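**Student:** Quick one: the structure is below, and I'll ask about it shortly.
The values are calculated or read from the model by the stated rules, or taken from the named source; none is laboratory data. No experiment lies behind these values; they were computed from the predicted model shown. Every residue, glycine among them, receives a Cβ derived from its backbone with ideal geometry; neighbour counts consider all protein chains shown.
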Amino acid sequence: MTTTAELDDRYGRTASGSRRRAWWVGGIAAIVLAVAYLGWTAYAANARAVDVDDLGFEVTGSGEVAVSFRVTSAGDEPVVCVLEALDESFGTVGWRVVELPATGAISGDHTETVRTVAEATTGFVNSCTLR
C-alpha cells in the first residue's frame with residue numbers, strides 16, 4: 001500500500017498554490033514584525049540616551065580639581081554624573097556625584113569641583129545617566 005506522500009514524491013506533486021502563498025505571507029509578516037520590533041527598541045534606547053564630552057580639567061590646588069564637561073540629553077529629565085580625579089599612578093584620589101537639573105535644553109556646559117585626598121593629575125567624567 002502506498003501513502004499520499006510517496007505518490008507525491010513519485011509523481012512530483014507539490015503543495016497547492018494557496019498553501020505556498022500562505023507560507024510566503026506568514027514569512028514576510030514575521031520579517032516585518034521583527035524589523036519593526038528591532039527599530040522600536042533601537043529608538044527607545046536612544047530616546048533616553050545621555051552623551052557626555054569632557055572639555056577639560058584644571059587642578060586648582062592640592063585638594064581639588066575642576067572638571068569641565070558638556071552633557072547632551074533630551075533635557076526634560078535630571079541627569080546624574082559621576083566625576084573622578086586620578087593621581088599620577090592612575091589611582092582614584094577623589095570622586096563626586098553631581099545631579100544636573102532638567103533645563104529643557106538639549107546640551108549644556110558645566111564645570112564642577114571635585115575634592116581630592118591627594119594632588120590630582122587629571123579629572124574627568126566617569127559616567128552620566130538619566131535620573
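**Student:** Just to be sure, is Val98 assigned by TED's automatic domain parsing to the domain that holds Glu119, within 30 Å of Leu130 (Cα to Cα) and of a type outside the set (S, T, N, Q)? Before the answer, list the steps.
**Tutor:** Working: assigned by TED's automatic domain parsing to the domain that holds Glu119: yes; within 30 Å of Leu130 (Cα to Cα): yes; of a type outside the set (S, T, N, Q): yes.
Yes, satisfied.
**Student:** With the condition kept exactly as written, say whether any residue in the stretch 68-81 is among the hydrophobic types (A, V, I, L, M, F, W, C) and outside the structural domain of Ala120 (by TED's automatic domain parsing).
**Tutor:** No, every residue in the stretch 68-81 fails to be among the hydrophobic types (A, V, I, L, M, F, W, C) and outside the structural domain of Ala120 (by TED's automatic domain parsing).
**Student:** Exactly one condition in (1) under 23 Å from Asn46 (Cβ atoms); (2) buried (at least 17 other Cβ atoms within 10 Å of the Cβ); (3) among the acidic types (Asp, Glu) is false for Glu77; which is it?
**Tutor:** (2)
**Student:** Out of the residues in the stretch 8-49 that are among the polar types (S, T, N, Q) and closer than 26 Å to Asp76 by Cβ, state the one that is farthest from the chain's Cα centre (by Cα).
**Tutor:** Going residue by residue through the stretch 8-49, those that are among the polar types (S, T, N, Q) are 14, 16, 18, 41, 46.
After this cut, where a residue has to be closer than 26 Å to Asp76 by Cβ as well, the list is 41, 46.
On the way: Thr41: 11, Asn46: 6 Å.
Ranking the candidates gives Thr41 first.
**Student:** Restricting to the stretch 99-117, what's the tally of residues that are closer than 13 Å to Val65 by Cβ and loosely packed, with under 14 Cβ neighbours inside 10 Å? I'd like the intermediate steps shown before the answer.
**Tutor:** Step one: list which residues in the stretch 99-117 are closer than 13 Å to Val65 by Cβ, which gives 111-117.
From the residues that got through so far, the ones that are loosely packed, with under 14 Cβ neighbours inside 10 Å too are 111, 117.
Looking only at that region, the number is 2.
**Student:** Ala120 passes all but one of (1) buried (at least 17 other Cβ atoms within 10 Å of the Cβ); (2) assigned to a strand (DSSP E or B); (3) not hydroxyl-bearing (Ser, Thr, Tyr); which number fails?
**Tutor:** The failed condition is (2).
**Student:** Mind listing whichever residues of the stretch 54-63 are farther than 15 Å from Val98 by Cα and not aromatic (Phe, Trp, Tyr)?
**Tutor:** Selection gives Leu55, Gly56, Glu58, Val59, Thr60, Gly61, Ser62, Gly63.
**Student:** Which of the residues belonging to the stretch 76-91 are outside any loop (DSSP other than H, G, I, E, B) and farther than 13 Å from Asn126 by Cα? So that I can check it myself, show each step before the final result.
**Tutor:** Just the residues of the stretch 76-91 that are outside any loop (DSSP other than H, G, I, E, B), to begin with: 79-86.
Once the filter is applied, which keeps residues that are outside any loop (DSSP other than H, G, I, E, B) and farther than 13 Å from Asn126 by Cα, the stretch 76-91 yields only Val79.
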